[in-house]
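Inspection log for the structure reproduced underneath, given as structure tokens.
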Amino acid sequence: LRVFELSDDEWSIVEQLCNMLKILKDATMFFSRSTPSLATVIPAMDLIDETLSTHMLNKRLLPSIRAASGLAKKTLNRYYELTDRSDVYCIAMILHPRHKLAYFQCAKWEEGWIDLVHTLVRAEFD
């Protein structure tokens, strides 16, 4: 069975991969322990996106881990784009007492997106 034993380099890959995947485990545990609301989805996706971006650019990580972070970010962005198809996510964020439009500003969303979201909510209200 020694032939299947991981080398020190392979253990390094495993350790770095575990650290990268921790944000996904944390998100899964967060959404599993309570009833998620629409207003918690966007902040969670933003946090995952930020973490994956940081891992992608971290030169101390192995190239394979940086590449895996990039692939994970690409997959996340595909799901994130699906939220654009539904106005409900933006409306839920703005109607949430804690978030409002300030969330989008603090998250450094482009001003054009923030204006679009504001217009969307105003039109729905009217």
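Enumerate the lysines that Lys25 could reach by cross-link, defined here as Cα to Cα under 24 Å, with residues fewer than 8 away along the same chain left out.
Within the straight-line limit of under 24 Å, Lys25 reaches these lysines: Lys59, Lys73, Lys74.
Over the chain, calculate the relative contact order: mean separation of alpha carbon pairs under 8 Å at least 6 apart, over the residue count, as a percent.
Worked out over the chain, it gives 22 percent.
List the extent of the Cα atoms of segment 9-91 along each of their three principal axes, largest first, rounded to whole Å.
47, 26, 14
Tell me, rounded to the nearest percent, the portion of alpha carbon pairs in segment 68-115 spaced more than 13 Å apart.
Summing the P(r) of segment 68-115 above 13 Å gives 65 percent of all pairs.
Translational diffusion coefficient of segment 1-49 at 4 °C, 1.567 mPa s, Stokes-Einstein with Kirkwood Rh over Cα pairs, in µm²/s as a whole number.
99 µm²/s
FYI, it's all coordinate maths here, none of it is from the lab. Bear in mind that the values here come from a model prediction, so they are computed numbers and not experimental data.
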